[in-house]
Every structure is written in C-alpha cells, then in structure tokens.
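Worksheet for the structure shown next.
The values are calculated or read from the model by the stated rules, or taken from the named source; none is laboratory data. Please read all numbers here as calculations on a predicted model, not as lab measurements. A quick note on method: Cβ atoms are made from the backbone with ideal geometry, for glycine too, and the neighbour counts reach across all protein chains shown. For the accessible areas, the whole protein counts, side chains as well, though only heavy atoms, and no ligand, DNA or RNA atoms are used. Shrake-Rupley method; radii C 1.70, N 1.55, O 1.52, S 1.80 Å.
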Amino acid sequence: MRSWLRGSDLGFKLGTGFFAAFLVVIVLGIGFELWRQSMLTIEKFGFGFWLGEVWDPVSGEFGARPFIWGTLYSSVLALLLAGPIALGIAIYLSELCPARLRTPLTFLTELLAAIPSIVYGLWGIFVLVPVVRSLEQSFPQVLRGTPLFSGPAVGVGMLAAVLILAIMVIPFASSVAREVLKAVPSSQREAAYALGATRWEAIRAALFYARTGIIGSLILGFGRALGETMAVTMVIGNNPQITASLFQPQYTMSAVLANEFAEAADDLYLSALIEIGLVLFAITLLVNMASRVLIWQMNRPVRVPRAAPLPVDAATAGGAA
C-alpha cells in the first residue's frame, strides 16, 4: 500500500510538472515563431531597422525607432505619474485604512484592474481627450514655446496616452505593492514601536524592508504599460515621429500592430510588423521576469546564521568563573 502511494505521488508530481513545463514550451514557441516570421526584415535591414525613422510601406522603407521611442516614452512617464499614487494607495490599504473600509476599497482597486482596455479607450476619447484639450489650450505661451509643450492643442497625443496609461497602471501596481507590504513580518513594526518610533516611522521601516518587492511591483506595472494596446491606440494620435512634446501625436509598437497588421499586403511589410511584435514580446518578457525575481526575493524567508560554538577553553573558563 505504501509503495502504491509513493508511485501515485510520483505520478502526480510528474503530471503537474508536465503542465508547468508546457507553459515554458508555449512561451518559447511564441518567441521562435515570431523570430522565424520576421527573418525577412532581419536579413534585409539588420539593426538599421531599429535605428531608422522612416516608416513608408509604399516605398518599402521600414524604421521602427519612432515606435520604440513612443512606447518607452509613454510607459516611463506613466510610471513616474502612477508610481507615487499606487504606493500611497498600497500604504493606506495595508497600514492606515479602517477595517470596515479595507475590504470594499480593495475590491474597487482590483475591479479597476479588471476593466477591459477598450472601455478605458472609449472613456479616454469622450472624457479625457476634451479635458486634455482644454488643459493644453490654457497653457501659458511661455511654456508652449518649450520642446516639452510645443504643438497643436488638439487633445489627442502623448499627454492623453500617458494619463490613461497611468490610470490603468495604478490599480495593478497598488495591488501588488499592497500584497508585498502585507508580507512584511509584524515583528518589523513591533520592533520599531518598541524603540519608540511613531506610526509614520514604523511604516517607513516596513517600506524599507519591502523596498525590493515594491520596486518589483512598479516594474510589473511598467511591463503592463509597455504592452497596452487599444486604450493607447485610441488617444495617442498614431503619428510615427520622435519628439519630446507631450502635445504632439505619436505612435507605439502595440498601436502600429493593431492598426496596420490587417493592411500588410506584401511579405516585407508583414515581416516588419512581426519583428516589432518580436521585440515588444522580448521587452515585456524581460521586464516581467525582473519584477517577479524582485518580488520572490522579498517573499523569501531570511535565514539567520547560527552562532558558532565557543572554544573548549573559553567554555571552561566561563564555567570556572
């Protein structure tokens, strides 16, 4: 009977291990297929594909630099805007919120993370874009002359994309950061209170203890912003140009895939789009892996080294004393 149970446990372990390995096979298969389908542009353009600024499918010129710039620029700005807000929400829900409000507020936060991207996009078109247009029109002319705020005040552009990305990243990053703060041992806070710390100082000690996991949650939100498609496509303006202006319409890698994949009439055009998808897949995968590693390091138990035994002479001397 015992040997049968051992065999059963081994079979169950192998079966579940197969399902886990199947996920790895799927990820590797996606990466391989994207690489294989983009070989035409890889062989023709090489690294020049990522350095070129001209995207003209009619003449066969493909440069992905504007899309890379738009993706990174919008994601970094959205993370800078959403990071402090997400961290504040996580601190309030895990440390300061009354017990009767913690559950409904946590539910609302998770509900915002579950709203489909297209819904955010529709809200952005009908609500956010008019607000951004009014804000841009009221900007002082002194600031309008700077590279950061130059361009027409139409509402559709990088600023609208950054705001809607920040709104979408906030619930995602705050939920992960809240779980990280909950994983901080209560002994950390109790030790701070025992040393005479105030509540803010105890929270600051918990934040310092959880700093690795918090950074991981922000990087995870950054990966969420990198791969966002529909909401950004609907408000960013979709113009392949490289500019620091928040008012100018720009383009992202996911947006160009959504807009032009159905129009790819020749093999070179299709291969260029697939290569953009390959790089977006690789960047998103690396960012999410980095964030998960940081969070795992946060949740890993700390091993306290055992004290070395005293030498025999020292122990004898202590006993004699």
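For segment 143-162, the condition of being closer than 20 Å to S217 by Cβ, assigned to a helix (DSSP H, G or I) and either open to solvent by less than 20 Å² (accessible area, probe 1.4 Å) or at pLDDT below 85 (or both) holds for at least one residue. Filtered by the rule that a residue be touching an Asp or Glu at 6+ places or on another chain (Cβ under 9 Å) and basic (K, R), segment 200-227 gives no residues.
So, restricting to helices (runs of 4 or more DSSP H) that lie completely within segment 188-264, which ones have at least 2 residues that are crowded, with 22+ Cβ neighbours inside 10 Å?
211-226, 230-235, 253-260
Selection of segment 265-279 for residues being of a type in the set (G, A, S) and either farther than 20 Å from G46 by Cα or open to solvent by less than 10 Å² (accessible area, probe 1.4 Å) (or both) yields A265, S271, A272.
Would a scan of segment 97-109 turn up a residue that is touching a residue at least 40 places away in the same chain (Cβ under 8 Å), closer than 30 Å to R189 by Cβ and not in a loop (DSSP other than H, G, I, E, B)?
First, the residues of segment 97-109 that are touching a residue at least 40 places away in the same chain (Cβ under 8 Å): 106, 109.
Right, trim to closer than 30 Å to R189 by Cβ and you get 106, 109.
Now restrict to residues that are not in a loop (DSSP other than H, G, I, E, B): 106, 109.
Taking every residue of segment 97-109 in turn, at least one turns out to be touching a residue at least 40 places away in the same chain (Cβ under 8 Å), closer than 30 Å to R189 by Cβ and not in a loop (DSSP other than H, G, I, E, B).
Checking L80, L72, L34 one by one, the residue that is within 24 Å of Y251 (Cβ to Cβ), assigned to a helix (DSSP H, G or I) and in contact with a Gly (Cβ under 7 Å, 6 or more places away or on another chain) is L34 and no other.
Among the conditions (1) more than 28 Å from M253 (Cα to Cα); (2) more than 16 Å from the chain's Cα centre (by Cα); (3) open to solvent by less than 50 Å² (accessible area, probe 1.4 Å); (4) of a type outside the set (S, T, Y), P130 misses just one, which is (1).
Kindly indicate which of A166, A114, A99, A86 is open to solvent by 40 Å² or more (accessible area, probe 1.4 Å), within 30 Å of W200 (Cβ to Cβ) and of a type outside the set (S, T, N, Q). Only one candidate qualifies: A99.
Going by the conditions given, is V25 part of a loop (DSSP other than H, G, I, E, B) and not polar (S, T, N, Q)? So V25 fails the test. Considered as a group, the residues in segment 28-59 that are more than 19 Å from A282 (Cα to Cα) and small (G, A, S) include one that is most open to solvent (accessible area, probe 1.4 Å), and that residue is S59.
Within segment 60-76, being buried (at least 17 other Cβ atoms within 10 Å of the Cβ) and among the small types (G, A, S) holds for G63, A64, G70, S74, S75.
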